[in-house]
1. Per 0.36 nm of contour for each residue apart, how much would the distance between THR33 and LYS250 grow if the chain were fully extended, relative to their Cα-Cα spacing?
2. Lys/Arg Cβ at +1, Asp/Glu Cβ at -1, dipole of region 185-276 taken about the Cα centre: which of ASN244, GLN210, GLY221 is farthest positive-ward?
3. Given R₀ = 25 Å, what would the calculated FRET efficiency be for GLN210 paired with ASN115, taking r from the Cβ atoms and rounding to 0.05?
4. Return the Rg/Rh ratio of the chain with Cα-based radii and a Kirkwood Rh.
5. Before anything else, pin down the relative contact order of the chain: Cα pairs under 8 Å, at least 6 apart, normalised by residue count, whole percent.
6. Could you pull out the trypsin sites (Lys or Arg not before Pro) across region 129-205 that fall in loop regions by DSSP (anything but H, G, I, E, B) with no more than 14 other Cβ atoms inside 10 Å?
7. In 10 Å bins starting at 0, how do the alpha-carbon pair distances of region 15-160 split up by percent?
8. Going by a ≥ b ≥ c, the root eigenvalues of the Cα gyration tensor, does region 116-175 fall in the rounded group (a/c under 1.5), the prolate group (a/b larger than b/c) or the oblate group?
Amino acid sequence: MRIKVFITTLLAAALLGGCKNKAALDSNGVPGTLVVAIYAGGDNPGAVKSAMAKFGSYLEKKLNMPVEFEFSTDYTSVIEAIEAKKAHIAYLSPFSYVLASKKNNITPIATLGENGKPSMYHSVIFTNPGTGINNIDDLKAKSKSLTLCFADPASTSGHLIPRAYLVTIGLNPDGAFKQVIFAGSHPASILSVASHKIDVGCSTTEYGIQKLERAGELKPGEIKVLWQSGPIVSSPIVARNDLNKDFVKKIQGLYLNLAKHAPDIFAAYIKLYHPKLNGLSYMMVQDSMYNGLRKIAGGIKDLNVGQ
């Protein structure tokens, strides 16, 4: 199985624009090689690649065709890959799905479920004890002297949700802070604040703060959570609409039955984000599950998700 790493969005774009299209479909809408685009994360991309290598071998055997993963360092590149028809399947965040689905050329086929319901997570806004900020009122009072960082531009918990919340309390990030940057990933956002390089950060509790604490990269008390969102529906895995429907259905079935038929392969990837696997499995997902996020995104004027 061949693995390619997209180092930056620019490199991804260059690769998308050149060479023969290995993702071409035959007359029945079936590819000769299944190409899967996936965000490899910012903290341990090697672990993601290793886990996907095991899953790729499983897919190759079940589909009887080569499988290739294209790993990206940001969700924007994943969206570009699926829109440019250089990938057939993509792992998207909820917000990047909302962005990518505007063209109506993809369909969600699976998401992570917990006891038969979509797994949920939360967005957080946080600081470090050195700023002297103890609550949102303090944040509002000192915002003009503070630096703020989001994670990835197409991140749900690391950009869309906290941006929307800040706007509702009168802190439009475009002008309310001394400086606003994108850290590039959830770990970078969290660790930038913990190390006092940035005053305020945005990320996720479950896949960000708790994940770094379990890995020993973040100590309890190094950051102070100022605000936590309501639950967010878990990320979707999507397929292009021009793929053969029976082929997509077969791939979907492999995801939905993975925890049952190949628990070790399922665990290899999922355990990177969830310490406990009890009750977890892939489940069916509907586009309507993300309508709430569409409404939030639609309410933010001049929302910019470019790098």
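The values are calculated or read from the model by the stated rules, or taken from the named source; none is laboratory data. Remember, it's a predicted structure, so these values are computed and weren't measured experimentally. Neighbour counts are summed over all protein chains in view; Cβ atoms, including those assigned to glycine, are modelled from backbone coordinates with ideal geometry. Side chains are part of the model used for accessible areas, which takes the heavy atoms of the whole protein and leaves out ligands, DNA and RNA. Shrake-Rupley method; radii C 1.70, N 1.55, O 1.52, S 1.80 Å.
1. The span from THR33 to LYS250 would gain 76.6 nm if fully extended.
2. ASN244
3. With R0 = 25 Å, the Cβ-Cβ based efficiency is 0.80.
4. Answer for the chain: 0.97.
5. 24 percent
6. LYS178, LYS197
7. P(r) for region 15-160, in whole percents per bin: 9, 30, 32, 16, 8, 4, 0.
8. It is prolate, given that a/c is not under 1.5 and a/b is the larger ratio.
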